[in-house]
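Taken together, the values in this text are just the output of simple stated rules run on the coordinates, not laboratory data. Since the structure is predicted, the reported quantities are computational estimates derived from the model, not experimental observations. Neighbour counts are summed over all protein chains in view; Cβ atoms, including those assigned to glycine, are modelled from backbone coordinates with ideal geometry.
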Amino acid sequence: MKQLRISLVSVLLAGLNALLSFFGVPCLPNGAKRVDLTKFELAWHDEFSGSALNTDVWGIYGGTSPVKRRDGYWDLAQCIVEGGKLHIRTAYIPEGIGANPAGWYSCGIDTRNSFSQCYGYFEVRAILPAGTDMWAAFWLYCNGVTNENGAGEDGTEIDVFESPFYEPDRLFKNCVASNMYWNGYGEKGESWQQGSWGKPYAVSNPYSVYHTYGLEWNESGYTFYIDGMETEHTTAGGVSRVPEFLWLSVETDWDNATETGVTGPATDYIIDYVRVYRYAESAEAQ
């Protein structure tokens with residue numbers, strides 16, 4: 001009987017999501033499948049319990065700070081650890097930093113020099129930044145993504161979530177989406193959602209309330225979760241079969257990075273934790 005109820009809920013939510021998608025309205029997590037953490041064991045985590053970002057674990061793209069990124073800059077000084085949380089701050093700095101001019105400064109950090117893993121469950125718990133033209137994300141990456149060989153088995157950019165939708169009066173502002181890219185980023189590049197942001201999924205108050213955004217990845221494909229509830233499953237790209245490292249990032253105003261490009265309140269991307277699980281020896285990927 002319980003299984004029947006779950007199946008009925010799944011069918012009803014799938015139908016509702018199809019209807020919502022048809023009318024361009026954000027979809028809901030389907031709620032039929034919850035992530036099963038009993039088949040995993042914790043492999044790696046950062047709870048941000050110190051007084052500063054652990055730069056033995058997290059580095060910045062290019063290795064030096066600040067670095068130009070799209071129409072803004074990434075600077076490690078924008079990563080602030082306090083109260084057991086990592087704050088990635090976004091601010092317009094009129095005097096610039098070092099030899100870099102005035103502009104929007106935020107940050108993107110990764111574990112390329114400290115940790116990577118193939119398969120498992122990857123999760124972040126976070127409050128997303130509010131502000132027009134801000135783009136927060138949690139994603140996985142490896143150098144094989146740029147190989148132009150027609151498939152993603154040797155590396156796929158896996159965007160567990162992206163949050164580029166905020167505008168005060170916008171239908172999608174309380175939404176996130178997932179996507180994947182492989183075969184490079186040029187003319188031959190491919191993506192799961194064909195270059196779009198993908199299907200937007202509604203999240204309750206993501207700019208003021210913590211939510212979890214997760215990915216289960218194994219040989220059978222990718223399953224994405226919000227607050228432990230499945231949103232989508234795919235085998236796009238043939239499924240990456242190599243270790244990948246983690247990214248936490250905020251990019252700013254990729255079309256028009258000016259003093260008025262990002263509009264308030266430009267709040268912090270606040271990360272409570274990042275946790276990575278591997279399959280327990282007694283468990284098989286389902």
Go through the stretch 190-227 residue by residue and tally those that are on the phi > 0 side of the Ramachandran plot and touching a Pro at 6+ places or on another chain (Cβ under 9 Å).
1
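Please pick out the residue among Glu157, Glu167, Glu162 that is of a type in the set (Asp, Glu) and farther than 28 Å from Ile60 by Cβ. Can you show your working first?
Details: Glu157 fails: farther than 28 Å from Ile60 by Cβ; Glu162 fails: farther than 28 Å from Ile60 by Cβ.
From the options Glu157, Glu167, Glu162, the qualifying one is Glu167.
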Identify, by number, the condition in (1) surrounded by 20 or more Cβ atoms within 10 Å (Cβ to Cβ); (2) touching a Pro at 6+ places or on another chain (Cβ under 8 Å) that Pro66 doesn't meet.
(2)
Among Ile60, Ile109, Ile88, Ile97, which is the only one that is over 24 Å from Ile127 (Cα atoms) and in contact with a helix residue (DSSP H, G or I) (Cβ under 8 Å, 6 or more places away or on another chain)?
Ile97
Applying the selection to the stretch 175-221, what residues are of a type in the set (Ser, Thr, Tyr) and in contact with a Lys or Arg (Cβ under 9 Å, 6 or more places away or on another chain)?
Ser178, Tyr207, Tyr210, Thr212, Tyr213
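Can you name the residue in the stretch 64-122 that is of a type in the set (S, T, N, Q) and out of contact with any Phe, Trp or Tyr (no Cβ under 6 Å at 6 or more places or on another chain) and, of all such residues, is nearest to Glu219 (Cα to Cα)? Step through it out loud before you land on a result.
Within the stretch 64-122, the first condition is being of a type in the set (S, T, N, Q), and the residues that meet it are 64-65, 78, 90, 100, 106, 111, 113-114, 116-117.
Still in the list and also out of contact with any Phe, Trp or Tyr (no Cβ under 6 Å at 6 or more places or on another chain): 64-65, 90, 106, 113-114, 117.
On the way: Thr64: 35, Ser65: 37, Thr90: 37, Ser106: 35, Asn113: 25, Ser114: 24, Gln117: 13 Å.
Ranking the candidates gives Gln117 first.
Among what's in the stretch 191-247 and is assigned to a loop (DSSP other than H, G, I, E, B) and β-branched (Val, Ile, Thr), pick the residue that is surrounded by the fewest Cβ atoms within 10 Å (Cβ to Cβ).
Going residue by residue through the stretch 191-247, those that are assigned to a loop (DSSP other than H, G, I, E, B) are 192-200, 203-210, 219-220, 227-228, 235, 239-243.
Applying the additional criterion that residues be β-branched (Val, Ile, Thr) yields 203, 209, 235, 239, 242.
Numbers: Val203: 21, Val209: 10, Thr235: 12, Val239: 19, Val242: 15.
In this case the residue turns out to be Val209.
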